[in-house]
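Presented below is the structure to which this report refers.
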Amino acid sequence: MAIQGKKILICVSGGIAAYKINYLIRDFVKKGAEVQVLMTPSAENFVSKLTLSTLSKNPVFSDFYSENGTWNNHVELALWADVILMAPCTANTLGKMVHGICNNLVIATYMSAKCPVFIAPAMDLDMYQHPSTKQNLELAEDFGHFIIPAETGELASGLVGQGRMAEPETISKTIEEFFSSDKNSKNLAGKTVLITAGPTYEAIDPVRFIGNHSSGKMGFSIAEEAANRGAKVILISGPSAQQTNHPNIEIHRVTSAREMFDQVFNFYENADIAIASAAVADYAPKEIAKEKIKKSEDELTIELIKNPDILKTMGERKTKQFLVGFALETQNEEENAKGKLEKKNLDMIVLNSLRDEGAGFKNDTNKIKIFTKTELKEFPLKTKNAVAQDILNFVEEQILK
Ligand code: PMT
């Protein structure tokens with residue numbers, strides 16, 4: 001079990017979801033992890049130290065000094081941990097974390113840590129939607145922390161919406177997947193992984209284009225994850241603000257579907273795994289006007305012609321490659337995804353639907369289902385980094401079968 005022997009430091013802050021931490025600790029301990037717990041002073045109103053220390057089999061601290069006068073060394077605790085889990089993480093604790101307001105043991109420990117940090121926010125729906133929370137979560141992600149998004153459901157206030165802390169099983173699975181994500185075991189060493197990402201822009205004239213809302217986040221997350229697992233990654237990216245400096249990633253920036261097609265087939269033959277996460281325009285203007293089209297008539301007709309289907313062509317030219325497609329759907333999701341799996345000769349397809357909140361374009365999260373010809377696996381809403389892990393775990397399972 002990936003979690004066995006790992007040192008997990010749980011920092012509990014003052015929210016009603018604190019009671020769920022009992023189940024989480026029991027689960028971690030059962031799986032062989034070493035668990036220590038810290039609390040903010042207000043968390044003590046929600047769950048008792050005695051319960052947490054009994055379950056974790058370790059003393060639980062909420063202050064810099066214990067009653068017997070000993071100093072609770074936050075630096076030592078921070079360096080002890082393989083991961084820190086902030087759960088539940090209230091708006092208050094989140095704000096202090098990202099702005100360095102170090103007025104309790106939890107924040108002092110967090111700020112002394114060098115290990116990965118997971119954040120499971122929990123708050124009422126208006127607080128979760130507040131621009132300051134959104135900005136603080138973005139800052140936390142920029143720091144490299146992993147967000148385990150809050151779930152939608154009934155909240156302590158009686159309101160219904162997003163804000164509930166993720167269920168203990170989801171948190172446990174996320175941490176487990178992190179440890180099994182093969183940053184250490186390099187399961188993809190020796191493999192070449194070809195990935196398409198981002199949108200394509202199809203020029204109309206020198207200033208206009210037909211494009212879409214893809215940010216490239218999903219594709220870049222997959223590329224980073226594959227590179228972490230030891231693969232040589234060829235990333236063909238449409239226009240996107242995403243960046244990577246990973247030494248295992250060779251990035252080729254393109255603009256149009258035609259250019260993406262040409263770059264993909266410069267590398268496809270030698271790829272072991274190909275993953276098409278790009279949102280490629282299906283049509284492009286038949287002709288690109290040489291000069292900016294002037295406003296004149298009330299109506300303007302632009303004739304479009306079909307772009308090459310890059311993924312379908314990969315399916316037709318498949319030799320040794322394990323071929324993964326994406327399906328971005330708005331209706332008849334499963335039927336359409338299965339149709340694409342078949343028609344494009346894929347080994348696996350990742351379905352995401354724009355009907356799922358937090359899924360698809362631009363978001364930092366996604367919600368996917370994976371299909372092969374014989375299997376279906378459904379995943380909850382997760383960060384795109386965690387989704388990338390799920391996708392590559394699934395690919396590894398398939399190719400190592
Ligand atoms: O970039 P983000 O903002 O993070 O958003 C991620 C995403 C929503 C773009 C991504 O998760 C996703 O769903 N990518 C596929 C989008 C898409 O074009 O889906 P589709 O169902 O239209 O196409 C099916 C498959 O064929 C895709 O793998 C696509 O890359 C491929 N295709 C499509 C048309 C074409 N001409 N060539 C292709 O290769």
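Annotations
- Hey, residue 318 surrounded by fewer than 17 Cβ atoms within 10 Å (Cβ to Cβ) and over 22 Å from residue 200 (Cα atoms) or not: yes
- Enumeration of residues in region 138-164 that are in contact (Cβ under 8 Å) with a residue 60 or more places away in the chain and not aromatic (Phe, Trp, Tyr): 138, 141, 147, 148, 149, 151, 152, 156, 162, 164
- Reported count of residues in region 311-353, each being polar (S, T, N, Q), closer than 23 Å to residue 272 by Cβ and near the ligand (Cβ under 10 Å from one of its atoms), is 1.
- Listing of strands (runs of 3 or more DSSP E) fully contained in region 215-310 that carry 3 or more residues being within 14 Å of the ligand (Cβ to nearest atom): 232-237, 273-276, 304-306
- Residues that are of a type outside the set (Val, Ile, Thr) and open to solvent by less than 50 Å² (accessible area, probe 1.4 Å), drawn from region 29-47: 31, 32, 33, 36, 38, 39, 43
A quick yes/no check of all residues on (1) away from the ligand (no atom under 16 Å from the Cβ); (2) of a type in the set (Phe, Trp, Tyr); (3) surrounded by 20 or more Cβ atoms within 10 Å (Cβ to Cβ); (4) over 21 Å from residue 28 (Cα atoms):
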position	(1), (2), (3), (4)
143	yes, yes, no, yes
148	yes, no, yes, no
154	yes, no, no, yes
157	yes, no, no, yes
205	yes, no, no, yes
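- For beta carbons closer than 7 Å, sequence separation of 6+ or different chains, a first residue in region 328-344 that is assigned by TED's automatic domain parsing to the domain that holds residue 214 and part of a helix (DSSP H, G or I) and a second that is of a type in the set (Phe, Trp, Tyr) and open to solvent by less than 90 Å² (accessible area, probe 1.4 Å), the qualifying pairs are 337/371; 338/371; 341/371.
- The one condition in (1) among the hydrophobic types (A, V, I, L, M, F, W, C); (2) under 22 Å from residue 400 (Cα atoms); (3) in a loop (DSSP other than H, G, I, E, B) that residue 324 fails to fulfil: (3)
- Within region 215-240, restricting attention to residues that are within 17 Å of the chain's Cα centre (by Cα) and farther than 13 Å from residue 197 by Cα, the residue that is most open to solvent (accessible area, probe 1.4 Å) is 228.
- Residue identified as touching a His at 6+ places or on another chain (Cβ under 6 Å) and open to solvent by 20 Å² or more (accessible area, probe 1.4 Å) among 243, 263: 263
- Whether a residue is more than 8 Å from the ligand (Cβ to nearest atom), more than 22 Å from the chain's Cα centre (by Cα) and not hydroxyl-bearing (Ser, Thr, Tyr) was assessed, and residue 356 does not pass this test.
- The residue pairs whose first member lies in region 200-221 and is under 16 Å from residue 352 (Cα atoms), whose second member is among the basic types (Lys, Arg), and whose beta carbons are closer than 9 Å, counting only pairs six or more residues apart or on different chains, are 213/362; 214/362; 215/362; 217/362; 217/384; 218/384; 221/384.
- Matching residues in region 359-400 - criterion: being away from the ligand (no atom under 13 Å from the Cβ) and closer than 20 Å to residue 229 by Cα: 386, 389, 392, 393, 394, 395, 396, 397, 398, 399, 400
- Residue list for region 362-378, filter: open to solvent by less than 50 Å² (accessible area, probe 1.4 Å), over 20 Å from residue 343 (Cα atoms) and assigned to a loop (DSSP other than H, G, I, E, B): none
- Of the residues screened, residue 57 is not one that is in contact with a strand residue (DSSP E or B) (Cβ under 6 Å, 6 or more places away or on another chain) and open to solvent by 60 Å² or more (accessible area, probe 1.4 Å).
- The requirement of being of a type in the set (Lys, Arg), out of contact with any Gly (no Cβ under 7 Å at 6 or more places or on another chain) and more than 18 Å from residue 168 (Cβ to Cβ) is not satisfied by residue 31.
The values are calculated or read from the model by the stated rules, or taken from the named source; none is laboratory data. Nothing here was measured: the structure is a model prediction, and the numbers come from that model. Every residue, glycine among them, receives a Cβ derived from its backbone with ideal geometry; neighbour counts consider all protein chains shown. What goes into the accessible areas is simple: the full protein's heavy atoms, side chains included, and nothing from ligands, DNA or RNA. Shrake-Rupley method; radii C 1.70, N 1.55, O 1.52, S 1.80 Å.
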